[in-house]
1. Based on this model, can you work out whether residue 206 counts as over 23 Å from residue 19 (Cβ atoms) and in a helix (DSSP H, G or I)?
2. Is it the case, given these coordinates, that residue 32 is free of Cβ contacts under 8 Å to residues at least 12 places away in the same chain, in a helix (DSSP H, G or I), within 28 Å of residue 225 (Cβ to Cβ) and within 28 Å of the chain's Cα centre (by Cα)?
3. Being without any contact (Cβ under 8 Å) to a residue 40 or more places away in the chain, more than 27 Å from residue 221 (Cβ to Cβ) and part of a helix (DSSP H, G or I) narrows it down to one residue among 10, 6, 15; which is it?
4. Take the conditions assigned to a helix (DSSP H, G or I), assigned by TED's automatic domain parsing to the domain that holds residue 213, modelled with pLDDT of 90 or more and in contact with a helix residue (DSSP H, G or I) (Cβ under 9 Å, 6 or more places away or on another chain) and apply them to residue 37. Does it pass?
5. Restricting region 139-197 to residues that are surrounded by 18 or more Cβ atoms within 10 Å (Cβ to Cβ) and not in a helix (DSSP H, G or I), which is farthest from the chain's Cα centre (by Cα)?
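The values are calculated or read from the model by the stated rules, or taken from the named source; none is laboratory data. Predicted, not measured: the structure shown is a model, and the values here were computed from it. Cβ atoms come from the backbone with ideal geometry, glycine included; neighbour counts cover every protein chain shown.
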């Protein structure tokens with residue numbers, strides 16, 4: 001690897017580090033924003049007459065009511081509980097001859113993602129670390145690592161898999177021009193996720209001034225209940 005390529009990779013990797021940290025911040029912030037926004041909505045509903053509250057409940061329960069999901073608000077929709085992961089299937093990942101028949105950029109990335117995830121799974125797979133006699137505390141830690149790697153693999157996030165592999169001291173091939181392209185792809189995806197979170201009604205309310213907060217609440221009541229709250 002040339003010195004120029006090495007320096008470029010190092011620079012973009014730092015940017016990816018920053019963007020990933022920024023995404024984590026926005027995810028945590030949005031969780032708090034949603035909780036506080038919901039409390040504010042409930043408080044405003046509590047100020048209404050019994051008749052208006054009953055009307056709102058009926059509108060929300062009507063078939064086809066315009067409920068705003070996270071994705072419609074502009075944010076990622078995630079289930080509160082992750083689907084179970086088939087550990088056996090994960091560790092059986094292999095790179096076959098079929099994988100390398102087509103050397104398109106997308107195919108190459110898919111192969112590298114599979115390689116990275118398999119290496120990580122070999123060191124963090126829950127069944128394996130238990131069989132190797134690790135303490136329960138270490139098993140729990142590595143299971144979190146494994147789940148994070150699995151999400152990254154499913155989302156085709158090369159940066160996260162690479163970072164996990166580095167943390168686990170897994171020997172890696174020298175970065176290439178393709179590695180830089182994958183980093184840039186992941187950075188763009190992360191920026192998109194951040195922008196979607198910023199556009200959530202609850203986040204707009206949470207981060208805005210008094211006028212913006214009022215408008216966000218008014219918008220919410222109109223979209224969810226088709227109702228103009230008298231204080232808004």
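1. Working: over 23 Å from residue 19 (Cβ atoms): no; in a helix (DSSP H, G or I): yes.
When the stated conditions are applied, residue 206 does not pass them.
2. On the way: free of Cβ contacts under 8 Å to residues at least 12 places away in the same chain: no; in a helix (DSSP H, G or I): yes; within 28 Å of residue 225 (Cβ to Cβ): yes; within 28 Å of the chain's Cα centre (by Cα): yes.
Judged against the criteria, residue 32 is not a match.
3. Details: 6 fails: without any contact (Cβ under 8 Å) to a residue 40 or more places away in the chain; 15 fails: without any contact (Cβ under 8 Å) to a residue 40 or more places away in the chain.
Of the residues listed, the single one that is without any contact (Cβ under 8 Å) to a residue 40 or more places away in the chain, more than 27 Å from residue 221 (Cβ to Cβ) and part of a helix (DSSP H, G or I) is 10.
4. Numbers: assigned to a helix (DSSP H, G or I): yes; assigned by TED's automatic domain parsing to the domain that holds residue 213: yes; modelled with pLDDT of 90 or more: yes; in contact with a helix residue (DSSP H, G or I) (Cβ under 9 Å, 6 or more places away or on another chain): yes.
Yes.
5. The qualifying residue farthest from the chain's Cα centre (by Cα) is 175.
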